[in-house]
Amino acid sequence: MSTIPTETPIDTTDIKARVARFQSVQQSLVSEVHKVIVGQEEVLDQVQIALFVGGHCLITGLPGTAKTLLVRTLADILGLKFTRIQFTPDLMPSDITGTDIIEEDPATGRRTWNFVQGPIFGNVVLADEINRTPPKTQSALLEAMQERTVTVRGNHYKLPSPFFVLATQNPIELEGTYPLPEAQLDRFLFNTVLDYLSAEDELKVVSLTTSTTTARASAITTAEEMLSFQQLVRMVPIAESVARYAVSLVRASRHSDASAPDFVKKYVNFGASVRGIQNLVLASKARALMKGRYHVTYEDVQKLVTPILRHRILLNFQAESERLTTDALLTKLIDFVPVPKE
């Protein structure tokens, strides 16, 4: 079985130690989160993967499903600087990126421009209710999310590392909201959906939040170590057959591709781009490490297809009229694309 070649020879002893540390931190992270957050295992897995590959995550959920609490808790556990942007209809791009102001030296009377950083200059940036602000302001995040820089009056400013945007949106309150443009959506590694908890989990939430004690999570790692983990994830080997499977799945989502099934040609306007393939492979590598493996499997790819592609596929009017959801289409796509035989 051939594999995609790695870049340089590596010290296996050092790698094993780093993998052991990665898995220790990941398990501790889950334990600390569960001191504050009940349930939502799949959501937590996806947000962790986003953090370990340096990606951004769009969290879609109903009010009161602990979206904001989850993001703040993760920032505390990772020992990272947390900033929050509350998106509103009157928010301006400079409210996000920062702005230049004129300051006068009292001694000389000389005036100079000084840049005042906006809330985008954090490690974990919570973009709360991101769909409540117009596209002009939403676009202020595009450069930051893709290039890790912001440009103000022609000057480029580098954002701190690591840098994650974890955005939340409410799927049911449509009045006063602005749908995210496709270019904005494509910057997110995952579109993670938070659903209602089970009855048992809701009982645990009540016990946890209505008593006199307040649950707190402790920091277990640092910014430098998170950057090391992101590099480690990229070192995970992936067999060429698994990589081809990921490519085949994404290409089959495009109605113009020869490999696309009839139901894609019938219901899909636009499929996922090559960024979808890149994100699918990277996220699969992180999932493999989290599951204690040193290689990517077909199952890793299959488990992550839906949250990675659900916001990258644009259905047509016929799909909407027949009430076909993107998730249902992706389930059919996974069944359609055959897993290569070894």
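Any read-out appearing in this document is the output of simple, stated calculations on the displayed coordinates, not a laboratory observation. What you are looking at is a predicted structure, and each value in this text was computed from that prediction instead of being measured. Cβ sites come from the backbone with ideal geometry, for glycine too, and all protein chains shown count toward neighbours.
When you filter the chymotrypsin sites (Phe, Trp or Tyr not before Pro) in region 279-324 for DSSP loop state and at most 14 other Cβ atoms inside 10 Å of their Cβ, you are left with Tyr294. Each part reduced to its alpha carbon centroid, region 23-39 and region 103-151 end up 32 Å apart. Counting only aspartates and glutamates at least 8 places from Lys266 when in the same chain, those with an alpha carbon closer than 19 Å to its own are Asp257, Glu320, Glu322, Asp327, Asp335. Just list whichever of Lys81/Lys303; Lys16/Lys291; Lys35/Lys67; Lys285/Lys341; Lys35/Lys81; Lys16/Lys285 have alpha carbons separated by over 26 Å in the model shown. Violating the 26 Å Cα-Cα cut-off are Lys81/Lys303.
Positive end of the dipole of the chain, charges at C-beta (+1 Lys, Arg; -1 Asp, Glu), about the Cα centre: which of Thr149, Ser284, Ala167 has its Cα farthest in that direction? Toward the positive end, the furthest listed residue is Ser284. Computed packing ranks the peptides 225-234, 157-166, 246-255 as 246-255, 157-166, 225-234, most packed first, by mean other Cβ atoms within 10 Å. For Lys265, a cut-off of 20 angstrom between C-alpha atoms picks up these lysines, skipping any fewer than 8 places away in its own chain: Lys332. Using only alpha carbons, the chain has a radius of gyration to Kirkwood radius ratio (Rg to Rh) of 0.99.
For the listed peptides 280-288, 19-27, a ranking on the average number of other beta carbons within 10 Å per residue, highest first, reads 280-288, 19-27.
Mean-square fluctuations from a GNM of the chain, with a 10 angstrom spring cutoff on Cα atoms, peak among Thr331, Thr192, Thr13 at Thr13. Taken along its three principal axes, the alpha carbon spread of region 236-342 comes to 44, 24, 21 Å, from the longest extent down to the shortest. Can you tell me which of Leu78, Leu324, Leu309 moves the most in a GNM of the chain? Springs connect C-alpha atoms under 10 Å apart. Highest fluctuation among the options: Leu324. Kirkwood analysis of region 89-199, using all unique Cα-Cα pairs, places the hydrodynamic radius at 15.9 Å. Rounded to the nearest 10 degrees, the angle from helix 41-53 to the longest Cα principal axis of the chain is 70 degrees.
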